[in-house]
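Enquirer: Below you'll find the structure I mean.
The values are calculated or read from the model by the stated rules, or taken from the named source; none is laboratory data. Values in this document were obtained by computation on a predicted structure and should not be read as measured data. Positions of Cβ are backbone-derived with ideal geometry, glycine not excepted, and every protein chain shown enters the neighbour counts. We work out accessible area using only protein heavy atoms, side chains counted, and drop any ligands, DNA or RNA first. Shrake-Rupley method; radii C 1.70, N 1.55, O 1.52, S 1.80 Å.
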Amino acid sequence: AEQKRIAAILDKADAIRRRRQEAARLADTLIPSVFYEMFGDPRANNNNLPLRPFGELATNEDGRRRPVKAFDRSMRSGPYPYYGASGIIDHVEEFIFDETTLLIAEDGANLLARSTPIAFIATGKYWVNNHAHVVTPNGQAELGYLETHLNLRDVTDFVTGSAQPKLTQANLNRLPVPYPPIEQQKEFAQRVRRVANLKKAQAVERSEAEQLFRSLVQRAFRGEL
């Protein structure tokens, strides 16, 4: 009877944890769904939107990037995110960007495999190495729109190299982007921000659920439940 009582408590905690995980999975589908609804399939441009080269829609800031070797980073550990092609890979004591930018993978197998996003928004203070392109808004397009477009479309035809796939700055700049009215892009960007806030709140809830489950398991083994 005591075992059943403890198992029931753990089952309830595990159910909460799994619901939080499922909510996060569903949240990940929200932005693509809204994009398809508003702009159609970015691979086919089935809404027949006019096309503009990526280079016209944002300002490239690659010249401001600076790579730091792993050993040097270990000696300069700090609070600021250090971004690479796949997102945050370390934290350092200094920053070179203090603004909102769109980071786009410049090289790596993920450009073709697409197991993780190839584009992501960075905000606040941070450092970027030379494996991610950095672009800032120039008034022609919303970064949130460009981010989602790149993550949903195939860039294979613009990637060079086989051993080490690479999306050069020149090829990124000539990549054709379906161009909806800027007001629609702003509306989409607002929705993206709302979903991002939702996902942050979910991440906190998911962490709390995981901590609760681990705590209950430990207490069960110590005979404290």
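Enquirer: Restricting the first residue to region 14-32 and requiring it to be closer than 27 Å to Leu150 by Cβ, which pairs with a second residue that is open to solvent by less than 40 Å² (accessible area, probe 1.4 Å) and of a type in the set (Phe, Trp, Tyr) meet a Cβ separation below 8 Å and a spacing of at least six or different chains?
Expert: Here the result reads none, with nothing in region 14-32 linked to a residue that is open to solvent by less than 40 Å² (accessible area, probe 1.4 Å) and of a type in the set (Phe, Trp, Tyr).
Enquirer: If you don't mind, another one. Which one of these does Ala163 not meet: (1) of a type in the set (A, V, I, L, M); (2) more than 28 Å from Arg194 (Cα to Cα); (3) modelled with pLDDT of 95 or more; (4) open to solvent by 10 Å² or more (accessible area, probe 1.4 Å)?
Expert: Of (1) of a type in the set (A, V, I, L, M); (2) more than 28 Å from Arg194 (Cα to Cα); (3) modelled with pLDDT of 95 or more; (4) open to solvent by 10 Å² or more (accessible area, probe 1.4 Å), only one is false for Ala163: (3).
Enquirer: Still on this structure, please answer the following. When you scan region 176-215, how many residues do you find that are outside any helix (DSSP H, G or I) and touching a Lys or Arg at 6+ places or on another chain (Cβ under 8 Å)? Show your work before the answer.
Expert: Filtering region 176-215 for residues outside any helix (DSSP H, G or I) gives 176-181.
This time we only want the ones that are touching a Lys or Arg at 6+ places or on another chain (Cβ under 8 Å), so: 176-177, 179.
Of the residues in region 176-215, 3 are outside any helix (DSSP H, G or I) and touching a Lys or Arg at 6+ places or on another chain (Cβ under 8 Å).
Enquirer: Moving on. Can you pull out every residue in region 82-110 that is under 14 Å from the mean Cα position of the chain (by Cα) and aliphatic (A, V, I, L, M)?
Expert: Of everything in region 82-110, those that are under 14 Å from the mean Cα position of the chain (by Cα) and aliphatic (A, V, I, L, M) turn out to be Ala85, Ile88, Ile89, Leu102, Leu103, Ile104, Ala105.
Enquirer: Return yes or no: is Thr101 of a type outside the set (Lys, Arg), open to solvent by less than 80 Å² (accessible area, probe 1.4 Å) and at pLDDT 95 or above?
Expert: So Thr101 passes the test.
Enquirer: From the list Gln211, Gln202, Gln184, Gln218, which residue is open to solvent by 70 Å² or more (accessible area, probe 1.4 Å) and in contact (Cβ under 8 Å) with a residue 24 or more places away in the chain?
Expert: The match here is Gln184.
Enquirer: So which residues in region 6-27 are under 30 Å from Leu49 (Cα atoms) and surrounded by 15 or more Cβ atoms within 10 Å (Cβ to Cβ), if there are any at all?
Expert: Ala27 - this is the single residue of region 6-27 that is under 30 Å from Leu49 (Cα atoms) and surrounded by 15 or more Cβ atoms within 10 Å (Cβ to Cβ).
Enquirer: Would you mention how many residues in region 33-49 are assigned to a loop (DSSP other than H, G, I, E, B) and of a type in the set (A, V, I, L, M, F, W, C)?
Expert: Filtering region 33-49 for residues assigned to a loop (DSSP other than H, G, I, E, B) gives 40-49.
Retained after the next criterion (residues that are of a type in the set (A, V, I, L, M, F, W, C)): 44, 49.
The total comes to 2.
Enquirer: Please tell me if Leu30 is open to solvent by 80 Å² or more (accessible area, probe 1.4 Å) and assigned to a helix (DSSP H, G or I).
Expert: Here the answer is no, as Leu30 does not meet what is asked.
Enquirer: Let me ask another. Can you pull out every residue in region 57-79 that is open to solvent by less than 60 Å² (accessible area, probe 1.4 Å) and farther than 22 Å from Leu150 by Cβ?
Expert: Residues satisfying the conditions are Val68, Arg73, Gly78.
Enquirer: Can you tell me which residue within region 139-153, out of those that are touching a Leu at 6+ places or on another chain (Cβ under 7 Å) and open to solvent by 30 Å² or more (accessible area, probe 1.4 Å), is nearest to Ile104 (Cα to Cα)? Break it down stepwise before answering.
Expert: Taking region 139-153 and keeping what is touching a Leu at 6+ places or on another chain (Cβ under 7 Å), we get 140-141, 143, 146-147.
Retained after the next criterion (residues that are open to solvent by 30 Å² or more (accessible area, probe 1.4 Å)): 140, 147.
Working: Gln140: 18, Glu147: 8 Å.
Filtering first and then ranking leaves Glu147.
Enquirer: Write out, first by first residue and then by second, each pair whose Cβ atoms fall under 7 Å of each other, whose residues are 6+ apart or on separate chains, and whose first residue, in region 50-66, is over 19 Å from Asn130 (Cβ atoms) and of a type outside the set (D, E, K, R) while the second is open to solvent by 40 Å² or more (accessible area, probe 1.4 Å) and in a strand (DSSP E or B).
Expert: Here the result reads Leu51/Pro176; Pro53/Pro176, each pair linking region 50-66 to a residue that is open to solvent by 40 Å² or more (accessible area, probe 1.4 Å) and in a strand (DSSP E or B).
Enquirer: So, of the residues in region 33-50 that are over 19 Å from Lys186 (Cβ atoms) and open to solvent by 40 Å² or more (accessible area, probe 1.4 Å), which turns out to be farthest from the chain's Cα centre (by Cα)?
Expert: Asn48
Enquirer: Considering each residue of region 58-70, count those that are assigned to a strand (DSSP E or B) and of a type outside the set (S, T, N, Q), and give that number. So that I can check it myself, show each step before the final result.
Expert: Pass one, region 58-70, residues assigned to a strand (DSSP E or B): 58-60.
Next, from what is left, pick out any that are of a type outside the set (S, T, N, Q): 58.
Count: 1.
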